[in-house]
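As structure tokens, the structure follows; a few thoughts come after it.
Where a number appears in this text, it was derived from the coordinates with a stated rule and is not lab data. What you see is a predicted model, and the numbers here were worked out from it, not measured in a lab. Note that we place each Cβ from the backbone using ideal geometry, even for glycine, and neighbour counts take in every protein chain shown.
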Amino acid sequence: MPPLPQRVSLTSQICAILRSEIADGTYQGTLPGELVLARRLHVGRASLRAALDVLQSEGLLRVSQGKPREIVSIPPARSNPPLSRVVILSKDRYFHLTAGTLLWIDALRSLLGNSGLSLEFTTSTASSMSRPARRLEALVALFPGSVWLLLRCGPETQRWFAARGLPAVIAGSMHASINLPGVDWDYFAACRHAATRLLARGTHRPAIVIPRTMLAGDRESAAGFRDGCGPHTPASIQHDGSPDGLLRALNAAMDRPDAPDGLLVCHSTHTITVISRLLQLGRRIPHDIRIISRDDDPVLSHLLPQPARYAVPPDPFAARLARLVLSWIHGKSPPPSSDLVLPEFIDGTSL
């Protein structure tokens, strides 16, 4: 049974930041006023007061009416503890992850357990923020002695871990100019192959269905698909990621006189929406339009027509991640590059 996902409270994060700043001498004697602290930390005064009450109960602060909060105890400076656990950091909650992701997480937990390591999961909005530094500082302080596994994290979060030299591994797509080790699908190769499969089956107007706010893997997918289409310039059906947004974008594309007759759909859940809507519109699959799903999910094997798709077996993916994690644990920094896993093509009746 996996440990329950954690969403670190804002109060805990504020406490961790203030403890760290008191320890390193940022504040001496007294703390600034509540308004100054709240503005500097970008938090509400209610959350700040809750954190200050915690620090007071710990004996770090003393309150005297009409006077600034006095620092009466200095927390010990944190030494770097030995690495003894692995923490997955994600912007998505555990039970919102795809089945494929949960499968490799389970396989990784088993591999790490054989080496006496625990695997934990925490969710934080900091992982997708444009300025995550303060929240990440607090988050890291809550999990000392950890190797961090960054899952679907934004570029600034990946860059922060790299700049700090913290032991971290990227599970999935690495953004540009990030010096961290990682394991990812070879999205470029898979999507290039998808384009050639569509064209070989008679597609003349290929298109890729892709979220508008592209992750690094989505950008690689679009580039690979364009490369595979050659002289057939593919359309890009971009959407906001929600079911309604996807339907609006798909409806607009299918209403055009040059509507696509072959689709590569990024993300397995979107494949279900696309196939359902096309059948509602009376489009016969694959006679009128051909479909390939970039990603696999066990539920797709129950869908009719069954989508052609790409799958990465969870065990090899987890094994490569485990090797990188264990390199950190054993004191060896793995090389800062992405280890690409080529997905397996699964043919289906949607082609």
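Quick notes
- About the Cα centre, charge dipole magnitude for the stretch 187-311 (Lys/Arg +1, Asp/Glu -1 at Cβ), debye: 280 debye
- By the helix-only formula, in which each DSSP H run with n ≥ 4 contributes -39500 (n - 2.57) and the sum is divided by residues, the chain has a 222 nm mean residue ellipticity of -12500 deg cm²/dmol.
- Modelled FRET efficiency - R0 22 Å, Arg219 with Arg164, Cβ distances, 0.05 increments: 0.30
- In the stretch 230-285, the trypsin sites (Lys or Arg not before Pro) that fall in loop regions by DSSP, at most 14 other Cβ within 10 Å: Arg284
- Ranked by the mean number of other Cβ atoms within 10 Å per residue, highest first, peptides 185-198, 115-128, 332-345 order as 185-198, 115-128, 332-345.
- When each of the peptides 139-146, 317-324 is scored by how many other beta carbons lie within 10 Å of its residues on average, the order from highest to lowest is 317-324, 139-146.
- Anisotropy class of the chain from Cα gyration tensor, a/c 1.5 cut: prolate
- Cβ-defined net charge surrounding Gly33, 14 Å radius [Lys, Arg +1; Asp, Glu -1]: +4
- Label-point separation, His204 to Ser276 (7 Å along Cα→Cβ), nm: 3.2 nm
- Cα convex hull of the stretch 187-311, projected area averaged across orientations, nm²: 6.8 nm²
- Taking all Cα pairs closer than 8 Å and separated by 6 or more residues, the relative contact order of the chain comes to 16 percent.
- Whole-number D in µm²/s for the stretch 6-71 (Stokes-Einstein; Kirkwood sum over Cα pairs; 20 °C, 1.002 mPa s): 178 µm²/s
- Ascending count of other beta-carbon atoms within 10 Å, so fewest first, for Arg226, Arg131: Arg131, Arg226
- Under 15 Å, Cβ to Cβ, from Ala222 - net charge with Lys/Arg +1 and Asp/Glu -1: 0
- Here r is the Cβ-Cβ distance between Ser301 and Ser130 and R0 is 25 Å; the resulting FRET efficiency, rounded to 0.05, is 0.05.
- Cα centroid separation, the stretch 210-245 to the stretch 130-181 (Å): 26 Å
- Contour excess over end-to-end distance, with Cα ends at Ser337 and Gln56 and 0.36 nm allotted per residue: 96.7 nm
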